[in-house]
Amino acid sequence: MSPTQPQDTKQTDEKPWYELSQRFYFEAAHTLRRKIETEGSLRIHGHTYEAEITVSGYADPKTGMLVDLGELRQQVARVKEMLDHRFLDDIEQLGPATLENLCGFIRKQLKSALPQLSSVTVERKASGDRCVLRERP
């Protein structure tokens, strides 16, 4: 390799690795027991959440798709229905309604249907909070 060539140059015949993402929003209320900002957190309050799921892998050579977007959207709609306009404290499998637990809950709901799931992000843009759960290779 010459000194002027970038070190990350790859062969053109290498099989490409794809990441495909789908975003969705949900509105939900909850309470939260914590040591900081206790009073406001204990009262029922709500947030607008933005979630994003990402699947990763190789495209199927026959279809040209990593995952059919129709299937991806169906699975996202199923999970959104579980969370949108809900009181999160009532969702037994969730635990305390933290961003971390929301990521874990979404992952658990999707992993069997989407084995290529590689990350789940949940964000509250209004407060600048964001959590990313990444699958380890």
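No value in this document is a laboratory result; all are computed from the given coordinates. On a predicted model such as this, the values are computed, not experimentally measured, just so you know. Ideal geometry is used to build each Cβ from the backbone, glycine not excepted, and the neighbour counts take in all protein chains shown.
Filter the GluC sites (Glu not before Pro) in segment 26-126 down to the DSSP loop ones having no more than 15 other Cβ atoms within 10 Å, then list what survives.
Sparse-neighbourhood loop GluC sites (Glu not before Pro): Glu37, Glu92.
Please go through segment 27-122 and write out the chymotrypsin sites (Phe, Trp or Tyr not before Pro) that DSSP classes as loop and that have at most 12 other C-beta atoms within 10 Å.
Counting only loop positions with at most 12 other Cβ atoms within 10 Å, the chymotrypsin sites (Phe, Trp or Tyr not before Pro) in segment 27-122 are Tyr58.
If R₀ is 35 angstrom, what is the calculated FRET efficiency for the pair His45 and Arg134, using the beta carbon separation as r and rounding to 0.05?
Plugging the Cβ-Cβ distance into 1/(1 + (r/R0)^6) gives 0.80.
Can you give the convex hull volume per residue for the Cα atoms of segment 67-137, as a whole number of Å³?
So the per-residue Cα hull volume is 106 Å³.
Taking the simple approach of a point 7 Å from Cα along Cα-to-Cβ for both Ala126 and Arg33, what is their distance in nm?
Between Ala126 and Arg33, the simple spin-label model gives 2.6 nm.
Using θ = phi - 60° and the Karplus relation 6.51 cos²θ - 1.76 cosθ + 1.60, list the HN-Hα couplings for segment 85-93 in order, rounded to whole Hz, with x at every Gly or Pro.
Each residue of segment 85-93 in turn: 6, 10, 8, 4, 4, 8, 8, 4, 6 Hz.
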